[in-house]
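Here's the structure, in C-alpha cells; my notes come after.
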Amino acid sequence: MQDPPRAGRLILLNGASSAGKTAIAEHLQVVLPTPWFHVGIDAVNAMRGQARTRDLNQPALDIVLARTRAGHCRAVAGLVDAGNDVIADCVLWQPGWLGTWLDVMVGRDVLFVGVRCPVDELERREVARDDRAVGKAAAQSRSVHAHGVYDVEVDTSEADPRACADRVASALGRPAPRAFDRLRLSATR
C-alpha cells in the first residue's frame, strides 16, 4: 500500500546577489533531517541557453528574465505540490516579483527568510566572485527587503552559513501565521 501524499514545504531565501543564499541552502540540506531540493534562481537561469540571451536588447532581456522568474516560482510550486520539501532562493528586488510568489504559493507552507548583508560586504563578495556585474548587489540591496516582513532573518556578515542554516531550521517548527499570510493581507506588494 502506498503512503498517502503529504504536502511539501518551502523555505524561500530572499536577499541581494552575493548575500549568501546558496551557501545557506547547501548547509540546510545537511542539517535538515529529511531530503530537501535546492532550486535556486541561478540554477534556473543556467538552464537557459546563454548564447542567445547575450544578444538580446534590454527590453527583450527583461521579458526573458520575467518569464524565467515566473517559471522558477511555478516549478518550485510543482515540486512542493508533489510532496517534496524545497529550498528556493531568489532576489525579490523588482516590484511585482514578491506578488508572483504570494499568488502562486497560496495554500502552501512557506517559511520566508530574509538573508541580509551590508552593502560593503556584498560589494567585496561580488568582486571576489568574478561572475557578477559589480554594483548589482548594491542596487538590489536598496529594494530587496522593502516589504519588511519575514518569518526569520539572518545576516551573513555576522554568522557563517552553518549558523544561519541552523537558525532557519529552528524556525521551521514555529506555528502559523507565516509571513506570506501576513503579506497577502497587506495592501502593498
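Worth pointing out:
- Per residue convex hull volume, Cα atoms of the stretch 93-144, in Å³: 95
- 20 °C / 1.002 mPa s Stokes-Einstein diffusion coefficient of the stretch 76-176, Kirkwood radius on C-alpha pairs, µm²/s: 141
- As a rough footprinting exposure proxy, the listed residues Ile63, Ile87, Ile41 were ranked by other beta carbons within 10 Å of their own, and the order from fewest upward is Ile63, Ile41, Ile87.
- Choice from Val154, Val31, Val144 with maximal GNM fluctuation in the chain (Cα, 10 Å cutoff): Val31
- Of all DSSP bridge pairs formed entirely within the stretch 1-122, close to 0 percent run antiparallel.
- Cα centroids of the stretch 93-157 and the stretch 65-91: 16 Å apart.
- Net length available on complete extension from Ala163 to Ala75 is 28.8 nm, with 0.36 nm assigned per residue and the Cα-Cα distance removed.
- Radius ratio Rg over Rh of the chain, counting only Cα atoms, Kirkwood formula for Rh: 0.96
- Choice from Asp155, Asp103, Asp55 with maximal GNM fluctuation in the chain (Cα, 10 Å cutoff): Asp55
- For Val39, nonlocal amide neighbours, meaning residues 5 or more places apart or on other chains whose placed amide H falls under 5 Å from its own, are Ile87, Ala88, Asp89.
- Mean residue ellipticity (222 nm) of the chain, computed from DSSP H runs ≥ 4 via -39,500 (n - 2.57), nearest 500: -14000 deg cm²/dmol
- Stretch gain in nm, segment Arg52-Val127, where the contour uses 0.36 nm per residue and the Cα spacing is subtracted: 24.4 nm
None of the figures in this text is laboratory data; all of them are computed from the coordinates on show. Bear in mind the structure is a predicted one, so any value in this text is a computation, not a measurement. As a convention, Cβ positions derive from the backbone with ideal geometry for all residues, glycine included, and neighbour counts pool all protein chains shown.
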